[in-house]
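Derivation of every value follows stated rules applied to the coordinates shown; laboratory data play no part. On a predicted model such as this, the values are computed, not experimentally measured, just so you know. Quick reminder, even Gly has a Cβ in these numbers, built from the backbone with ideal geometry, and neighbours come from all protein chains shown.
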Amino acid sequence: MDRVSLSVDRGEILAIVGESGSGKSVTALSILGLLDKNAKIEQGNIVFDGTDLTKLSTKEIQKYRGKRIGMVFQEPMTALHPTMRIGDQLTNVIKRHHKLTKKESHPIMLEMLKDVHFEEPELIAQKYPHELSGGMRQRIVIALAMSAPPELLIADEPTTALDVTIQAEILTLMKELTQKYNIAVILITHDLGVVREVSDNVCVMYAGKILEKGTTKEILDNPKHPYTNLLLRALPDQVNPGERLQEIEGEVPDLKQHLPGCIFSSRCPLSKDECFIKAPPQLSLSETQMVHCWEVSR
Amino acid sequence: MKRIIVKRLSLLVLVLFGVTLITFVMSHVIPGDPARMMVGQRASEETLQKVREDLGLDQPVWAQYLLYIRGLLSGDLGTSIRTQQPVISDLAAFFPATLELALYAFIIALLIGIPLGVISAVKQNTILDHIGRVFSIGGVSIPVFWSGIVAIIIFYAQLGWLPASGRLSIGLEINRTITGLYTIDSLLTGNWKIFKDSLWHLILPAITLSYVQLATITRQVRASMLEVLNQEYIRTARANGIEEWYLIIFYGLRNALKPTVTVVGLSFGSLLGGAVVTETIFAWPGMGKYVVDSIAFLDFPSIMGFTLIIAIGYVIINLIVDLLYMVLDPQVRE
């Protein structure tokens, strides 16, 4: 990721959109120091609320995990302890963040389960993960991440592994909790349908760079960057039945090579010579919408 | 839970029947004449014949087997040809010594093996891990007769710290046996002197015997910990702010123990059966030594009695392993 600066207000959802392989998940993991031992942040820093998280020791970053920054992962099937009851997994986290005993955490745990729409929290608390469906498990994962509650929640493709019918349910739940707990949410997704559903602001990223950002309405109704346009056209509901789905030709470039021009130039249908030579200017289109593109500047 | 126990115990009967059949056939088809061993080379043909009749050796093998089974059903394991004692009372005299040795070896293997495996996995590829690995490779590759003798040379002959043979010092005797395990009996009767002495005598043979199991357990725990610690639920828990040590023990080890339990169970079985060499080195008056002597004497009733006890031990251990599995994994419970 390259000099990406994001800001999210409490009670708001910012969606980061990009195709697979653009480094979204790796960035999310690196924030809380959760990358594998063999992966390293070579340079740069991650600043959260004035503190550089990359400079923190394991012990110090520990204070951020769950407490100030929560995370929801893509795969609910494997994200829960397979042999520990749901209630115990939740109280384990709650008692740490609230500095309570296990017994004192119990009512909070039940409250959390109710918050993620379980009608019978007592019953669910007794269950093991394998007794729950994928959607139910993801709700538990969300409850775990919200239990502090943190100031910032990063949800990395929270609905990708779920059935379409469950997706909407999870998204509505996330939106609801964002407002209830007044937390800032970064939603990482490749699905513009998800964006339309929940987010307040959108940031379109490509190969580690921001191409365009703005409010959800601006980006969806009035996209300026060719890439955003292509992404929107690739949505299945943009074509009539029987027609071939639009695709964006080519692949995300290797993040290791430094291209002098616009990062998207190699795949952009509108690219001209200057796009390959010089980095595109940053253009403010409104108070909120911003785009990096030569074509828009012309 | 209950259903499984009942099912397993009824299976035990079948297993034991198979074990008796196999050991009986094997001990009767091998060449050798126990009656001749008993009376000696110079006894007359009539004496030999008479002893044969007494032992039932003149009858066809299948009739002998039926006789043996009939005895078994009434709790009679036959009479040892060598000691002239009922096999059951011989085993009762020697089994507790073996059990005590195996139990202590087992406890040592668990107490050292599990933490060592965890440390090796958590500190993977560091110096601690390398030391742990060399240590456990040693365990599985160094034979007991060698490590036992080296232990005796160092701790008994050179340093003089620990006794090298028997269960108690000469002159000491346990006055009352309840379980046959000296450390437990002396504790129950409050005899501290015997307790200390018997514990003292257990140290070298138990450590020697435990080394192989310890190594196996360490390697198994290390391997399954490495696998479990890479699971996504560990990452989720870490992201949720669970601190590292708690994560390792309650999220990692708990699940890593599942495959370990099987290995551990089987290793306890082999401790019971495999104490033969250790008992011989440390002159430990246990079942292993008894059965080696019996084999040399073609004493098939006691060999069969020994095999039967070990078989029962294995089945019971397997049952315990299955039950533990159910405790550790709620999915198996259904």
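Ranked highest first by the average count of other Cβ atoms within 10 Å around their residues, in what order do A:196-208, B:177-189 fall? Walk me through the numbers before you get to the answer.
Details: A:196-208: 22.4, B:177-189: 17.2.
Peptide ranking by packing, descending: A:196-208, B:177-189.
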Relative contact order (percent) for segment B:96-333, with alpha-carbon contacts under 8 angstrom and 6 or more residues of separation? 28
List the residues, sorted by chain then number, that are 5 or more residues from A:Ile188 or on another chain and whose placed amide H is less than 5 Å from its amide H. A:Ile16, A:Ala155, A:Asp156, A:Glu157
Report the extension gain between B:Lys123 and B:Glu232 in nm, rounded to one decimal, defined as 0.36 nm multiplied by the number of residues separating them, less their alpha carbon distance. 37.3 nm
Determine, at each q value in 0.09 (inverse angstroms), the log₁₀ of I(q)/I(0) that the Debye formula gives when each Cα of chain B is one equal point scatterer. -0.62
Considering every residue in A:56-69, what mean count of other chain Cβ atoms within 10 Å of its Cβ is obtained? 2
Kindly express, to the nearest 10 degrees and within the range 0 to 90, the angle between helix B:287-296's C-alpha long axis and the longest C-alpha principal axis of chain B. 40
Any idea what angle helix B:127-141 forms with the longest principal axis of chain B, computed on alpha-carbon atoms, 0 to 90 degrees, nearest 10? 10
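Per residue of A:124-136, how many C-beta atoms from partner chains lie within 10 Å of its own C-beta, taken as a mean?
1
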Cα gyration tensor of chain A - equivalent ellipsoid semi-axes, whole Å, descending: 37, 22, 17
222 nm mean residue ellipticity, helices alone, for chain A (DSSP H n ≥ 4; -39,500 (n - 2.57); rounded to 500): -10000 deg cm²/dmol
Report the residue, chosen from A:Lys99, A:Lys59, A:Lys127, that carries the largest GNM mean-square fluctuation when chain A is represented by alpha-carbon nodes joined by springs under 10 Å. A:Lys59
Taking a ≥ b ≥ c as the square roots of the eigenvalues of the Cα gyration tensor of segment A:210-298, is the shape rounded (a/c under 1.5), prolate (a/b larger than b/c) or oblate? oblate
Which whole number in µm²/s is D for the protein assembly as shown by Stokes-Einstein, with the Kirkwood Rh taken over Cα pairs at 37 °C and 0.692 mPa s? 108
Computed over segment A:131-212, Cα set: Rg, Dmax in Å: 13.0, 43
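Tell me, what is the FRET efficiency for B:Leu199 and B:Phe145 to the nearest 0.05, using R0 = 25 angstrom and their Cβ-Cβ distance as r? Mind showing how you got there, number by number?
On the way: r = 24 Å, r/R0 = 0.96.
Computed FRET efficiency for B:Leu199 and B:Phe145: 0.55.
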Highest-MSF residue in chain B out of B:Met38, B:Met304, B:Met287 [GNM, Cα springs under 10 Å]: B:Met38
Specify the residue with the greatest mean-square fluctuation among B:Gln59, B:Gln220, B:Gln41, computed from a Gaussian network of chain B linking alpha-carbon atoms under 10 Å apart. B:Gln41
Most to least packed among A:179-187, A:141-149, B:159-167 [average Cβ atoms within 10 Å]: A:141-149, A:179-187, B:159-167
Once both axes come from the Cα atoms, what is the angle between helix A:164-181 and the longest principal axis of chain A, in degrees from 0 to 90, rounded to 10? 80
If I model a spin label as a point 7 Å beyond the Cα along the Cα-Cβ vector, how far apart are those points for B:Leu21 and A:His117 in nm? 6.1
Do the sum for chain B: with -39,500 (n - 2.57) for every DSSP H run of n ≥ 4, divided by all residues, what is the mean residue ellipticity at 222 nm, to the nearest 500 deg cm²/dmol? -24000 deg cm²/dmol
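Compute the relative contact order of chain A as a whole-number percentage, counting only Cα pairs closer than 8 Å that sit 6 or more residues apart in sequence.
On the way: 474 pairs, mean separation 68.1, N = 298.
For chain A, the relative contact order is 23 percent.
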